[in-house]
Amino acid sequence: MRAFFVDRSFNPQVVDETIPLAKRMEMAKGGNLALKLYAAMAQTDCTACGYDCEGYAKAIADGTEKNISLCVPGKAETEDVLKKLVTGTYSFA
């Protein structure tokens, strides 16, 4: 199985919850799938999904976690972006 990691050296600001989701996604544009998924998270590390935000992103990226609707604070906005990222249909601005 391929190892998935979040390369925060690419752009560490993608995990700043004060930055709007659309801006975080634009900042993560050139990153790997795990980074893009991480940028889409609500960035609260609430663990309501059973993971911290980085762990949830990694689990989705490597296929361990199939449920993309677990980010409670991110609500439908995050779920929509996660779905598009996983299916390869997300369009960057």
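In whole Hz and in residue order, list the ³J(HN,Hα) couplings for region 26-43 that follow from phi through the Karplus curve 6.51 cos²θ - 1.76 cosθ + 1.60, θ = phi - 60°; x for Gly and Pro.
So the Karplus estimates, Gly and Pro as x, are 5, 5, 8, 3, x, x, 7, 4, 4, 5, 5, 5, 4, 4, 6, 5, 6, 6 Hz.
Nearest 20 debye, what's the magnitude of the dipole of region 39-93 about its Cα centre given +1 on Lys and Arg Cβ and -1 on Asp and Glu Cβ?
Dipole about the Cα centre, nearest 20: 180 debye.
Ignoring everything except DSSP H segments at least 4 long, calculate the 222 nm mean residue ellipticity for the chain; use -39,500 (n - 2.57) per segment, divide by total residues, nearest 500.
Computed ellipticity for the chain at 222 nm equals -11500 deg cm²/dmol.
Relative to the present Cα-Cα distance, how much length would full extension add between GLN13 and PHE92 at 0.36 nm per residue of separation?
The span from GLN13 to PHE92 would gain 26.7 nm if fully extended.
Got a number for carbon plus sulfur as a percent of region 44-93's accessible area, 1.4 Å probe?
In region 44-93, the share of accessible area belonging to carbon and sulfur is 51 percent.
Report the label-to-label distance for GLU79 and THR47 in nanometres (one decimal), using points 7 Å from each Cα along the Cα→Cβ vector.
Each label point is offset 7 Å from its Cα along the Cβ direction, giving 2.4 nm.
If we sort 54-66, 74-86 on the protection proxy, mean other Cβ atoms within 10 Å, highest first, what's the order?
54-66, 74-86
State in Å² the accessible area per residue of the chain; use a 1.4 Å probe, count heavy atoms of protein chains only, and round to the nearest integer.
I get 56 Å² per residue for the chain.
The values are calculated or read from the model by the stated rules, or taken from the named source; none is laboratory data. The shown structure was predicted, so the numbers you read here are calculated from the model rather than taken from an experiment. With ideal geometry, Cβ positions are generated from the backbone for all residues, glycine too; neighbour counts draw on all protein chains shown. Quick note on the areas: whole protein, heavy atoms, side chains included, nothing else; ligands and nucleic acids left out. Shrake-Rupley method; radii C 1.70, N 1.55, O 1.52, S 1.80 Å.
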